[in-house]
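The values are calculated or read from the model by the stated rules, or taken from the named source; none is laboratory data. On a predicted model such as this, the values are computed, not experimentally measured, just so you know. Heads up, the Cβs are rebuilt from the backbone with ideal geometry, glycines too, and the neighbour counts pull from every protein chain shown.
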Amino acid sequence: MTSPVGRRTIPVREIRIPHSCPRPARLSVLAGSEWFGCLDGQELAEVESLMIRRAWTAGDRLFHAGDEADALFMVARGRVKLQQVRPDGSEVVTDVLAPGEVCGALGILARPFQRHTAEALVDTCTLGIRQSDLRRVLTEHPQVALHVIDQVSARLARAESLIGAQATRTVPARLATTLLRLAAKLGRERGAQGVLLEVPLSRADLAGLARSTPESVSRVLSRWKEEGLIDSGRRWVSLLDRARLERIAQEQEI
């Protein structure tokens, strides 16, 4: 059952995702991933045989910042958030991963320790591959290595771009950009009820993604709800007017 616009809750089952992950689903995720999508069916099957399947309950942590980086994780089903630890010990969300995306790449490829903490936002299934097995795949399939370089470089470039934009873009612009990016990879079209972000993010989570504060994010979301740009409730947001949000995303500080 879907909640009408204006109500404060969305049924939990709309954002809960089963974390069973049968082999056909695993192969489908690998085939659609940016890392391994260049492989043929037999090669994908070989890579899949190296993967370690794990099921996680919402709130479980796949790894912590500072842990030894001995495996790479790909989200097969569910949602995973990445967090960085601030100097004061608090954690800030830096990204949300959808099926087909990986976490732990920088740790396993370039550093001995994980840079982020990864946490399941909903019931989640991941495919893990040990560092030694991944290096073997990269050696045997150079095209995968090229895709890995492209994706890791793109993620680093995006992170640098976001940091640089902090000084010139308004809080509403950064928040609009965050919501639109989440909608592009995690949103579900609901007709007149907009695009539901199928991920249970708190205001603090959104603040981390937008490089802002929970208080500022709450004020902006409340204003946008009054103006009809979004609908929202506890840990959910639905985008109702993407055109206006796209215009807001271009705002610069004066």
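Thr117 fulfils the conditions (1) within 14 Å of the chain's Cα centre (by Cα); (2) at pLDDT below 90 except for a single criterion, (2).
The residue list Leu62, Leu82, Leu72 contains one member that is closer than 18 Å to Val29 by Cβ and modelled with pLDDT of 95 or more, which is Leu62.
Val220: under 22 Å from Arg77 (Cα atoms) and either outside any helix (DSSP H, G or I) or touching a helix residue (DSSP H, G or I) at 6+ places or on another chain (Cβ under 6 Å) (or both), yes or no? Considered against the rule, which asks whether it is under 22 Å from Arg77 (Cα atoms) and either outside any helix (DSSP H, G or I) or touching a helix residue (DSSP H, G or I) at 6+ places or on another chain (Cβ under 6 Å) (or both), Val220 comes out as no.
Restricting to region 145-159, give me the number of residues that are under 21 Å from His64 (Cα atoms) and surrounded by fewer than 12 Cβ atoms within 10 Å (Cβ to Cβ). Of the residues in that region, 1 qualify.
State which residue is modelled with the lowest pLDDT when the search covers only region 203-225 and only residues that are closer than 20 Å to Leu97 by Cα and among the charged types (D, E, K, R). Here the residue is Arg211. Can you tell me which residues in region 208-223 are touching a residue at least 12 places away in the same chain (Cβ under 8 Å) and either of a type in the set (Gly, Ala, Ser) or touching a strand residue (DSSP E or B) at 6+ places or on another chain (Cβ under 8 Å) (or both)? Those that are touching a residue at least 12 places away in the same chain (Cβ under 8 Å) and either of a type in the set (Gly, Ala, Ser) or touching a strand residue (DSSP E or B) at 6+ places or on another chain (Cβ under 8 Å) (or both): Gly208, Leu209, Ala210, Ser212, Ser216, Ser218, Leu221. Being at pLDDT below 90, farther than 24 Å from Gly100 by Cβ, touching a helix residue (DSSP H, G or I) at 6+ places or on another chain (Cβ under 9 Å) and of a type in the set (A, V, I, L, M) is not true of Ala173.
Annotation: of all residues in region 32-56 being crowded, with 17+ Cβ neighbours inside 10 Å and within 15 Å of Pro142 (Cβ to Cβ), the one that is nearest to the chain's Cα centre (by Cα) is Trp35.
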